[in-house]
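Have a look at the structure below, then the notes.
The values are calculated or read from the model by the stated rules, or taken from the named source; none is laboratory data. Just so it is clear, the model here is predicted, and its values are computed rather than measured.
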Amino acid sequence: MTNGNSNYNKVWIGLGIGAAVGLAAGLRWHRNGDRWYAAKRITRRVADRTSDLAETGNKIFDHVRVIYNESRKLADDAADLWSQGRKLAGA
C-alpha cells in the first residue's frame with residue numbers, strides 16, 4: 001500500500017506547487033496593476049500631449065518640405081548643367 005500513498009503524496013505536492021505558482025502570479029499581477037489600466041493611462045498621456053505631438057509633426061513636415069524643395073532645385077540645376085555641358089561638347 002505504500003505505492004498508493006506515494007501517488008497521493010505526488011498529487012498533494014503537485015497541488016501545492018500549482019497553488020504556489022498561482023499565488024505568485026496573482027501577487028505579481030496585482031503589484032504590476034491591470035494591463036487595461038496601464039493602457040488607459042498611456043492613452044490619457046498621449047491625449048494630454050496631442051497638441052505637442054501635432055506641433056512636432058508640423059515642424060517635421062515643414063522640414064521635409066524644405067528638404068524636398070531644395071533637392072528638386074538641385075536636380076533642376078543639375079539637369080540644366082548637363083544640357084549646357086552637352087551643348088558645349090557639341091553633342
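Please work out if D34 is modelled with pLDDT of 80 or more and among the acidic types (D, E). Answer is no for this residue. For segment 1-21, a residue qualifies if it is at pLDDT below 70 and of a type in the set (G, A, S), and exactly one does: G4.
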